[in-house]
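Below is one structure, written out as structure tokens; comments come after it.
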Amino acid sequence: AEKIILDCDPGHDDAIALLLAHGDPGIELLAVTTVAGNQTLPKVTRNALSVATLAGITGVPFAAGADRPLLRAAAVAADIHGDTGLDGPELPEPAFDVVDTHAVDLIIDTVLAHEPGTVTLVPTGALTNIALAARRAPEIVERVRRVVLMGGAVHGGNLTPAAEFNIAIDPEAAEIVFGAGWEVVMVGLDLTHQALATPEVRRAIRAVGTGPARFVDELLEFFEHSYRAAQGFDAPPVHDPCAVAHVIDPTVVRTVPAPIVVETAGRYTAGMTVTDLRGPAPQGCRTHAALELDHGRFWDLVTGALARIGEP
Ligand code: BDR
Ligand code: CA
């Protein structure tokens, strides 16, 4: 199994990413860390603990991290995720608490505690914690297997016409992460806008028939309304589990190598992930863009994980 640290801001799709990581046998979840983004740090952290409680995740350390971007003022996505960050379903009271370690330290300690080249970082929120970890302990950069992140886009954005939310709210952190020298896989909007939770997908999830599956269906119900109102989607794009799916099976989320840099200075384009697809990528290119999703197999992974989680 691939060892991962999930760095997230739950968030409807982050919650589903966590369930996929927990339920899929191809993933060994080493730690879960939280970062401000979809909602404030206390809210997303509580949400992560609630989802873990509902899914029966035990023995995995959870830690809270940065409560704001490196330089910019905090921004939340209440229009998409509601006031709690996870509006819609009823959430259980968390059965456990975060560890007494900052997320950045937990990330560093976890990477250093494992063999070089074995730990993959999977950020599904702003890249603040990951950038801080790379700065505080630069030796982790060559020890990490790779960074498979949800964020950015080759074309277009969602928070702004040019920039995707996770990158746009902390472009300086993203610039550090994309430029650090480790392998980075950008699972951006080009890919995640193919991961639509269609009525057929919703039926397959409900057919699992468990509490966690019902919970996911309720998340998707809320998400569908948000995305219809905010961005005109019929079925909502379920971004974050696509990054986990790439780690499980790179043929489900297919990528191409391409140079990628992050715009931090643009008046209208801050947070844009400028991706060079003009020609063949240079030898040794360490950044990759996800372009093509196998929709059926992706959702099979999600329903399979829910079936395996069962009724904890
Ligand atoms: C990203 O922004 C967040 O609202 C979602 O959780 C996802 O990580 C999509 O742009
Ligand atoms: Ca997220």
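The values are calculated or read from the model by the stated rules, or taken from the named source; none is laboratory data. These numbers come from a predicted model, not from an experiment. FYI the Cβ positions are ideal-geometry reconstructions off the backbone, even for glycines, and counts take in every protein chain you see.
Listed values, structure above:
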quantity	calculated
Enumeration of residues in region 1-29 that are under 15 Å from the mean Cα position of the chain (by Cα) and aliphatic (A, V, I, L, M)	I4, I5, L6, A15, I16, A17, L18, L19, L20, A21, I27, L29
Residues (within 16 Å of T303 (Cα to Cα) and surrounded by fewer than 15 Cβ atoms within 10 Å (Cβ to Cβ)) located in region 222-244	none
Positions within region 168-185 being closer than 23 Å to R267 by Cβ and in contact with a strand residue (DSSP E or B) (Cβ under 6 Å, 6 or more places away or on another chain), in sequence order	P171, A174, E175, F178
Residue ID - farthest from L220 (Cα to Cα), chosen from residues in region 77-92 that are among the charged types (D, E, K, R) and more than 10 Å from ligand 1 (Cβ to nearest atom)	D83
For G151: the one exception among (1) touching a residue at least 60 places away in the same chain (Cβ under 8 Å); (2) on the phi < 0 side of the Ramachandran plot; (3) out of contact with any Cys (no Cβ under 9 Å at 6 or more places or on another chain)	(2)
Residue among E263, E292, E224, E218 that alone is at pLDDT 95 or above, under 22 Å from I27 (Cα atoms) and of a type outside the set (S, T, N, Q)	E292
Within region 103-131, tally of residues that are surrounded by fewer than 24 Cβ atoms within 10 Å (Cβ to Cβ), under 19 Å from the mean Cα position of the chain (by Cα) and within 17 Å of T45 (Cβ to Cβ)	0
Meets criteria (of a type in the set (A, V, I, L, M, F, W, C), within 19 Å of the chain's Cα centre (by Cα), within 16 Å of ligand 2 (Cβ to nearest atom) and farther than 23 Å from E263 by Cα) for A77	no
Residue match in region 274-294 (condition: in contact (Cβ under 8 Å) with a residue 40 or more places away in the chain, loosely packed, with under 15 Cβ neighbours inside 10 Å and charged (D, E, K, R))	yes
Failed condition for D13, given (1) within 22 Å of V208 (Cβ to Cβ); (2) more than 16 Å from ligand 1 (Cβ to nearest atom)	(2)
Tally, over region 135-185, of residues that are more than 17 Å from I107 (Cβ to Cβ), charged (D, E, K, R) and not in a loop (DSSP other than H, G, I, E, B)	2
Residue among R228, R145 that alone is away from ligand 1 (no atom under 16 Å from the Cβ) and on the phi < 0 side of the Ramachandran plot	R145
Considering residues of region 147-171 that are surrounded by fewer than 18 Cβ atoms within 10 Å (Cβ to Cβ) and not β-branched (V, I, T) only, the residue nearest to P250 (Cα to Cα)	H155
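Each row is one residue, and each column tells you yes or no for (1) farther than 24 Å from A235 by Cβ; (2) touching a strand residue (DSSP E or B) at 6+ places or on another chain (Cβ under 7 Å); (3) at pLDDT 95 or above; (4) among the acidic types (D, E).
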{"residue": "E2", "(1), (2), (3), (4)": "yes, yes, yes, yes"}
{"residue": "D24", "(1), (2), (3), (4)": "no, no, yes, yes"}
{"residue": "E28", "(1), (2), (3), (4)": "yes, yes, yes, yes"}
{"residue": "V32", "(1), (2), (3), (4)": "yes, yes, yes, no"}
{"residue": "T40", "(1), (2), (3), (4)": "yes, no, yes, no"}
{"residue": "P69", "(1), (2), (3), (4)": "yes, no, yes, no"}
{"residue": "A77", "(1), (2), (3), (4)": "no, no, yes, no"}
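Matching residues to (1) more than 16 Å from ligand 1 (Cβ to nearest atom); (2) over 26 Å from I80 (Cα atoms); (3) among the basic types (K, R):
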| position | (1), (2), (3) |
| --- | --- |
| A235 | no, no, no |
| H246 | no, no, no |
| T255 | yes, yes, no |
| Y268 | yes, no, no |
| T287 | yes, yes, no |
